[in-house]
Amino acid sequence: MKILLVQPPRWFPDGHANFDAIEELVASHSGDLMLLPELAGSSLPRAAYLDRVRSLARRSGMAAVGGSHYDGAVNRGAVFGADGTLLAEYDKVHPYGVERHSGVLPGRPSTGFELHGRRLRVLLCADLWYSASLAGHDGLDAVLVPAFSVTRWDGPAPARELWRHMSVARAYEFMTYVAVSDWHHEATYLGHSCAGATGLADPCPRTHAGFFSGPPAAAVSAYELDFDRLDAFRHDRGERGFR
């Protein structure tokens, strides 16, 4: 399965402007699934947000994980298949930082969805930092994380390093790929800078340097998820007692 991680260079308070920019970024790319960053839809009304994600999936010929938008007081997103079918909806369970102080409410945990026979689940940004978010969800083939990694550090490096370690830890513990799409580190949200934590955590890389790939220099990066290798890794860990 080929996955595209989209890392736009700038966030706009206007969700339509974000989707316009994203459509232009992915126009020359192909794959099975694209992952957008958190709040790609900003505060678009629910119907408008769903229309933009559905249209993006249809035009690109790929399933689209549409980042998120503020649906009232909840940070919420949706996944559409390449044919425009709604595959899943998901909420942010753990509002973080500025969200908590601006009245954003916790949403409900998502159940995930299937694509090409594989089980996928979306965790919105800070939800990845809670291992309980994945407990009881054995056999997930990929965890997809739309992020807006705002940081209080002077630069992006410390928060980016933490995101790398957390992504690899979740990937190895739960034996699954973890894909993160974030905004570029020069993007800002309400005056807060972004770390630019886009990348892929691989629990079974071919070399010791491959546990995390990213952040890419490009606004769109592509990765092949080798599920046969992942299945073999799970079998091997099971044989050694790591179940």
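Figures for the structure shown
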{"item": "Given (1) of a type outside the set (Phe, Trp, Tyr); (2) out of contact with any Pro (no Cβ under 8 Å at 6 or more places or on another chain); (3) over 22 Å from residue 199 (Cα atoms), number of the condition residue 43 does not satisfy", "result": "(2)"}
{"item": "Candidate set from region 202-243 (those that are farther than 30 Å from residue 157 by Cα and among the aromatic types (Phe, Trp, Tyr)); member that is surrounded by the most Cβ atoms within 10 Å (Cβ to Cβ)", "result": "233"}
{"item": "Filtered residue count, region 53-75, keeping only those that are surrounded by fewer than 22 Cβ atoms within 10 Å (Cβ to Cβ) and of a type outside the set (A, V, I, L, M, F, W, C)", "result": "9"}
{"item": "Single match in 47, 78 (criterion: within 22 Å of residue 12 (Cα to Cα) and outside any strand (DSSP E or B))", "result": "47"}
{"item": "Matching residues, region 122-158, being outside any strand (DSSP E or B), without any contact (Cβ under 8 Å) to a residue 40 or more places away in the chain, within 20 Å of residue 225 (Cα to Cα) and not acidic (Asp, Glu)", "result": "123, 137, 139, 140"}
{"item": "Evaluation of residue 119 against (1) more than 22 Å from residue 222 (Cβ to Cβ); (2) surrounded by fewer than 18 Cβ atoms within 10 Å (Cβ to Cβ); (3) basic (Lys, Arg) (one fails), failing number", "result": "(1)"}
{"item": "Selection within region 201-243 - over 23 Å from residue 30 (Cα atoms) and part of a loop (DSSP other than H, G, I, E, B)", "result": "203, 204, 205, 206, 207, 211, 240, 241, 242, 243"}
{"item": "Residue within region 88-109 that is outside any loop (DSSP other than H, G, I, E, B) and among the aromatic types (Phe, Trp, Tyr) present", "result": "yes"}
{"item": "Single condition residue 169 does not satisfy, out of (1) over 14 Å from the mean Cα position of the chain (by Cα); (2) small (Gly, Ala, Ser); (3) more than 25 Å from residue 240 (Cβ to Cβ); (4) modelled with pLDDT of 95 or more", "result": "(3)"}
{"item": "Residue in region 174-186 that is modelled with pLDDT of 95 or more, in contact with a Cys (Cβ under 8 Å, 6 or more places away or on another chain) and not in a loop (DSSP other than H, G, I, E, B) present", "result": "no"}
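The values are calculated or read from the model by the stated rules, or taken from the named source; none is laboratory data. Remember, predicted model here, so these are calculated numbers, not experimental data. No Cβ is skipped: glycine too gets one built from the backbone with ideal geometry, and neighbour counts run over all protein chains shown.
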